[in-house]
Amino acid sequence: MPRPGRSGAHEDPAAALAAAADLLAVLHARGQDGVAPAVSPSQLRALLAVEGAEGVNLRALGEVLGSRPPSVTRLCDRLEAMGLLTRSPHPLRRREVEVRLTPRGRALLDERRAIRLRELSAVLGRMAPEAVDALVAGLTAFREAAAAPEPGGGFRSGRGRTESLSP
């Protein structure tokens with residue numbers, strides 16, 4: 001259903017974004033084809049989370065992933081057995097365990113990104129330059145809106161909740 005006040009909009013913007021997200025998921029999955037070792041979507045999310053916060057502890061990783069400690073431990077067991085990450089005691093807080101990517105884990109993520117970039121570039125190459133410019137502008141605005149503080153001082157989390165920045 002078009003939104004009132006939007007000239008030329010034949011589709012609800014949220015529905016259009018959802019349809020584009022589905023297509024992006026297909027392109028994202030292509031980034032996994034032929035890359036060894038094969039990892040599950042939850043394992044990939046964990047590797048990306050660790051990459052974004054090198055040295056993260058298991059509790060914090062569980063919060064990012066929305067998983068409970070036993071599940072995070074089993075997930076890390078599998079990733080460590082595949083040689084994609086390491087766990088080690090925190091240098092100052094001995095009861096904490098730090099999680100870090102191995103060079104093999106980093107190479108796997110880099111290879112997947114290169115494949116996805118080729119897939120996305122191919123699609124963008126079939127678009128008119130002005131459409132690509134509009135897409136980039138729209139995605140930039142979307143990213144900024146998604147990262148904007150919510151009323152009350154929190155930020156919107158990936159799970160639809162508002163997360164507070166205070167401890």
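Here are the numbers for the structure shown:
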item: Relative contact order %, segment 49-99, counting alpha carbon pairs below 8 Å whose residues are six or more apart; result: 38 percent
item: For segment 108-126 versus segment 73-97, the gap between their alpha-carbon centres in whole angstrom; result: 30 Å
item: 5 angstrom amide H check on Val56, placed H, neighbours 5+ away; result: Val99
item: Karplus-derived 3J(HN,Hα), 6.51/-1.76/1.60, for each residue of segment 61-67, Hz, glycine and proline x; result: 4, x, 5, 5, 7, x, 10
item: FRET efficiency for Leu117 and Arg78, using Cβ-Cβ distance with R0 set to 25 Å, rounded to 0.05; result: 0.40
item: Residue-normalised accessible area of segment 64-133, given per residue in Å² at a 1.4 Å probe; result: 67 Å²
item: Glu150 long-range amide H proximity, modeled H, under 5 Å; result: Phe155, Arg156
item: Cα-projected label distance for Arg104 with Ser40, points at 7 Å along beta-carbon direction, nm; result: 1.9 nm
item: Those residues of segment 59-75 whose amide nitrogen sits under 20 Å from the label point placed on Arg93, 7 Å along Cα→Cβ; result: 59-74
item: Computed FRET value (nearest 0.05) for Glu63 with Ala25, which takes r as the C-beta separation and R₀ as 25 Å; result: 0.55
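The values are calculated or read from the model by the stated rules, or taken from the named source; none is laboratory data. Keep in mind that this is a model prediction, so the values were computed, not measured. No Cβ is skipped: glycine too gets one built from the backbone with ideal geometry, and neighbour counts run over all protein chains shown. With ligands, DNA and RNA removed, areas are computed over all heavy atoms of the protein, side chains included. Shrake-Rupley method; radii C 1.70, N 1.55, O 1.52, S 1.80 Å.
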